[in-house]
Protein chains: 2
Amino acid sequence: MHDRPSPTDLERFLSVAFAITDETRTLVRAALDRGFAHRHKADRTFVTDVDLAVEDRIRERLAVAFPDHAVLGEERPDRAGASGYEWVVDPIDGTLSLRHRVPLYGTILALRHRGLPVVGVIDLPGLERRYHAASGLGAFRGRERLRLVEPESVDDEIVAIGDRRQFVAIGKRDVFERIVAGHPVVRTYADCFGHALAIEGSVGAMVDFGLRVWDVAASEVLVTEAGGRYVELERRAIPDGAETYDVLFGKPAVVQHLLELLGSGLET
Amino acid sequence: MHDRPSPTDLERFLSVAFAITDETRTLVRAALDRGFAHRHKADRTFVTDVDLAVEDRIRERLAVAFPDHAVLGEERPDRAGASGYEWVVDPIDGTLSLRHRVPLYGTILALRHRGLPVVGVIDLPGLERRYHAASGLGAFRGRERLRLVEPESVDDEIVAIGDRRQFVAIGKRDVFERIVAGHPVVRTYADCFGHALAIEGSVGAMVDFGLRVWDVAASEVLVTEAGGRYVELERRAIPDGAETYDVLFGKPAVVQHLLELLGSGLET
């Protein structure tokens, strides 16, 4: 289609996203040095001062760079835009980790064009790593191109999984238990850290259930541009009018192995 | 006793350990850049070229600095020494992580004097973090003194646990499952990464079973010097004449909470 973003457009979107995550890293580090407050949200997860400050900064920068782009973020109301472009923002993915100073949290920025993911960025300030991808331009960690390769043995791969309570909350404890018992090494590398490890192939796959749109918005383009397979197992409406997502992605052979592990269980 | 190590002695031991881990970090980074081979050991865990090169370097440096100290390491035969001092060395703790380039592996150096732990160092090259402690001198991450504080709520704490297969291998799958099901957020932060997080209080406690002596040798002095509680739940002889260790350590209130979780189960 004539209005799909060109490589030049995509490079510009990425360059703004990089400038934004340079700034948000600085905000996160300052907050860690200074300390920050947190409170429970209605869904019993946490929000901190940092989440709010980071999302506000992202929104300010996006509004200046792309005044006609819509913005959907975890902590603030949606902003509409007529361009067909929509940014999806998770200012701090892994708030529980950040709050406890486990360095495995991150900031997620994704851009969709007419509903299709076109740019994905995961920035991990605690590890000083940034992953990015754009449709047709490849996936990268920093300047290094990422290309997933199939493992010699699926059983030697680590599988990453979200926190057990994400599965329990949506009535899928059995999925968590089947994966954990069915594969030799399964580690709860929750949030965007697990996503990033799957994108670069350090884990064979990530199994993450009960997510909101901002948790997954960057991962599809990142993993597919890296040569992996992205499977959305289920999308469900939840009471507030939003949806939750159950996803599984990574090296195609490992994704297939886990689908079989889940499928065989679902038939019993 | 007159022959206990003085603070001056301890500072000298630490300073040699720091110089050694500066070198081993360089070895690990060079190996990651260059790539490295791995093979299965008899116990079905992995050893890599890096493990062997790092242990050899540590042994060379210790032999020069402390010719009368004994050395016990994971990969090479024991060296005897008549001084009463014994270094316990795990060149790469988290070989599976290193092999897959998950940045949560480390190098462990511990010194025991007449069997008692006096110095502990955990170095995490992938995170550029080093933790150290010496008896009576406190625990530190880099230059920052670590002092564990009790949580406002035990339920808000993350609990770290070793890989499930460590528990399964020693017939204690029930312990793994009881912890994972009994506490709100339990994450498999295996190996010295989980230990380090417990020492600095990012997780409330670490539950690690089926360990060898080099896996735990640094942690007792680190966690007790940080103001935490270290519990050795069981030590068992294994066929090759060695022993395995089941340990639980961290903030005292979280350790107590987990002991109760395990104890109530053991009584049923």
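Things to note:
- Note on segment B:100-123: residues that are in a strand (DSSP E or B), surrounded by fewer than 24 Cβ atoms within 10 Å (Cβ to Cβ) and either at positive phi or of a type outside the set (K, R) (or both) amount to 4.
- Residue identified as among the β-branched types (V, I, T) and open to solvent by 10 Å² or more (accessible area, probe 1.4 Å) among B:V207, B:V213: B:V213
- Among residues of segment A:67-78 that are in contact (Cβ under 8 Å) with a residue 40 or more places away in the chain, those with a beta-carbon under 8 Å from a residue that is open to solvent by less than 80 Å² (accessible area, probe 1.4 Å) and of a type in the set (V, I, T) at least six positions away or on a different chain give the pairs A:L72/A:V88; A:L72/A:V89; A:L72/A:V213; A:G73/A:I58; A:G73/A:V88; A:G73/A:V89; A:E74/A:V89.
- Filter result for B:V203 (within 18 Å of A:R164 (Cα to Cα) and within 11 Å of chain A (Cβ to nearest Cβ)): yes
- Selection count, segment A:80-99, where residues are within 14 Å of another protein chain (Cβ to nearest Cβ) and of a type in the set (F, W, Y): 0
- Taken over segment B:231-265, residues that are touching a residue at least 24 places away in the same chain (Cβ under 8 Å) and of a type in the set (S, T, Y) amount to 2.
- A:V216 touching a strand residue (DSSP E or B) at 6+ places or on another chain (Cβ under 6 Å), away from chain B (no Cβ under 14 Å) and closer than 12 Å to A:K251 by Cα: no
- Filter result for A:D22 (under 30 Å from A:P239 (Cα atoms) and of a type in the set (D, E)): no
- Positions within segment B:129-174 being within 30 Å of B:D9 (Cα to Cα), without any contact (Cβ under 8 Å) to a residue 24 or more places away in the chain, in a loop (DSSP other than H, G, I, E, B) and open to solvent by 70 Å² or more (accessible area, probe 1.4 Å), in sequence order: B:R143
Rundown of residues vs (1) within 14 Å of chain A (Cβ to nearest Cβ); (2) touching a Gly at 6+ places or on another chain (Cβ under 9 Å); (3) not in a helix (DSSP H, G or I), yes/no style:
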{"residue": "B:I179", "(1), (2), (3)": "yes, no, no"}
{"residue": "B:C192", "(1), (2), (3)": "no, yes, no"}
{"residue": "B:I199", "(1), (2), (3)": "yes, yes, no"}
{"residue": "B:V207", "(1), (2), (3)": "yes, yes, yes"}
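- Selected residue (criterion: farthest from the chain's Cα centre (by Cα)) from residues of segment A:234-268 that are at pLDDT below 95 and open to solvent by less than 30 Å² (accessible area, probe 1.4 Å): A:G265
- Exactly one residue among B:G204, B:G194, B:G227 is under 14 Å from B:L146 (Cβ atoms) and modelled with pLDDT of 95 or more, and that residue is B:G227.
- Residue match in segment B:217-233 (condition: part of a helix (DSSP H, G or I) and either over 19 Å from the mean Cα position of the chain (by Cα) or of a type in the set (D, E, K, R) (or both)): yes
- Residue match in segment B:41-58 (condition: within 14 Å of chain A (Cβ to nearest Cβ), at pLDDT 95 or above, surrounded by fewer than 19 Cβ atoms within 10 Å (Cβ to Cβ) and under 28 Å from A:F193 (Cβ atoms)): no
- Of the residues making up segment B:51-99, those that are of a type outside the set (D, E, K, R), over 18 Å from the mean Cα position of the chain (by Cα) and part of a loop (DSSP other than H, G, I, E, B) are B:F66, B:P67, B:H69, B:P77, B:A80, B:G81, B:A82, B:S83, B:G84.
- A Cβ distance below 8 Å, combined with a sequence gap of six or more or placement on separate chains, defines the contacts here; from segment B:1-23, residues that are among the charged types (D, E, K, R) reach no residue that is open to solvent by 30 Å² or more (accessible area, probe 1.4 Å) and modelled with pLDDT under 95.
The values are calculated or read from the model by the stated rules, or taken from the named source; none is laboratory data. None of these values were measured; they are calculated from a predicted model. Heads up, the Cβs are rebuilt from the backbone with ideal geometry, glycines too, and the neighbour counts pull from every protein chain shown. Surface accessibility is based on the protein's heavy atoms, side chains included, excluding ligands, DNA and RNA. Shrake-Rupley method; radii C 1.70, N 1.55, O 1.52, S 1.80 Å.
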